[in-house]
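What follows is calculated from the coordinates using simple rules that are stated; it is not laboratory data. Please read all numbers here as calculations on a predicted model, not as lab measurements. Note that each Cβ is placed from the backbone with ideal geometry, even for glycine, and that neighbours are counted across all protein chains shown.
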Amino acid sequence: MSQCQATYYDGHTTLSRQVQLSTTNGWLTISGHAFEQRYPLIQLRLSPPLGTLQRTLYLPDGGRCDLADDQLCCHLEQCLSQRRFVCFIHRWESSLKRAGIALLLTIAVVWGFIAFGIPILAGQVTEMIPPTIEVRTGEETLNLLDHAMLRPSHIQAARQTHIRQLFSTILLDLGDNRPYQLLFRQSTPIGANALALPGGTIILTDAMVNLAKSDEELIAVMAHEIGHIKHRHALRMVIQNTSAGFLVAALTGDLLSTTSLSAALPTMLVESKYSRDMERQADEYAVHYLTQKHIALTHFAAILNRLTKYHAEGADKDRVDSWNQYLRTHPTTTERIQALSLTRRPTEITNPKN
């Protein structure tokens, strides 16, 4: 039997009373002036040790006892079968070195989940989202872009019609019955670019059309964007980035400000990796199509080279950086050109599950 003094609170009022605790045969007895309570030890919960703070014994009826006797605490830990685990945690909490190691391990685990776990989960979630929701997401995104940074195209109607005919030919060759639509927009913030929105909408900017020197180059660009849509990259990117932000916001407790630096940092760090993976996948899709149509891959490399030169020469210095980083779909052009030069001639187009 073990005994000690404690401060008792009944859990219903703020009044406290000095009591004596004793344990015997699996029961805890709390006794004081005209007062006695008994509880089975198995129903009790003892707070973990934290520095020099008093430990608290939580009772099943909502009451508690503040303990000042370490000997009784050790006895209760043994009775509650939590001694080994509690001591292990306390040793780590009490050591600055161990606490630092624990912090690094936590960061590594969180980073690993963001870098590898979230992409896998996002891919699974993306496959479960109905096409109707994807189409609606694309429509809402287009409305947002049209109000924020896209303007009506200045490309001549005849030129637009010709490019749409090329686009229709690509879809016919692919046998794809998805409700695609090709739109033309003028945009100074985005500059020369092509955007693949969820649901099947592809946007060519005026600067992108003017940058192309041949139909083959435009075909390569459009086949690449179709690859993005076939693999549902836009929707997957949104799921990945928002998941990373919310995860870190939850860990840091900043649930009301997911745009804070702590929440945005992992998203920014992993975005480039996700983009490279997705770009390679879309490039492979375009290469498969171009090869089947006997279109030289040099056309694809040429438009990528021109895009690199366009952005490198500072044509987009006055653009809104945050929007541009979010919308830019060609972040690793040099790597992609090198990959094209090493690409062998594939024999078929990969058609991922819709």
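Remarks
- Two-site FRET efficiency, R136 against Q165, from Cβ-Cβ distance with R₀ of 30 Å, rounded to 0.05: 0.60
- Each of T14 and K309 was given a label point 7 Å from its Cα along the Cα-to-Cβ line. The distance between the two points is 7.7 nm.
- Cα-derived Rg over Rh, computed across segment 106-233 with Rh taken as Kirkwood radius: 1.05
- In segment 113-187, a dipole from Cβ-located charges (positive for Lys and Arg, negative for Asp and Glu) runs towards its positive end, and of L183, V125, I155 it is I155 whose Cα lies farthest in that direction.
- 3J(HN,Hα) along segment 107-117, derived from phi through the Karplus expression 6.51 cos²θ - 1.76 cosθ + 1.60 where θ = phi - 60°, amounts to 4, 5, 5, 5, 4, x, 5, 5, 6, 10, x Hz, with x in place of Gly and Pro.
- Residues with amide H under 5 Å from that of R17, placed H, sequence gap 5 or more: Y8
- Debye log10 I(q)/I(0) for segment 145-204, one point scatterer per Cα, at q = 0.19, 0.28 Å⁻¹: -0.76, -1.26
- From the alpha carbon centroid of segment 1-66 to that of segment 159-230 is 72 Å.
- Sorting 22-33, 190-201 by their mean Cβ neighbour count within 10 Å, with the most densely packed peptide first, gives 190-201, 22-33.
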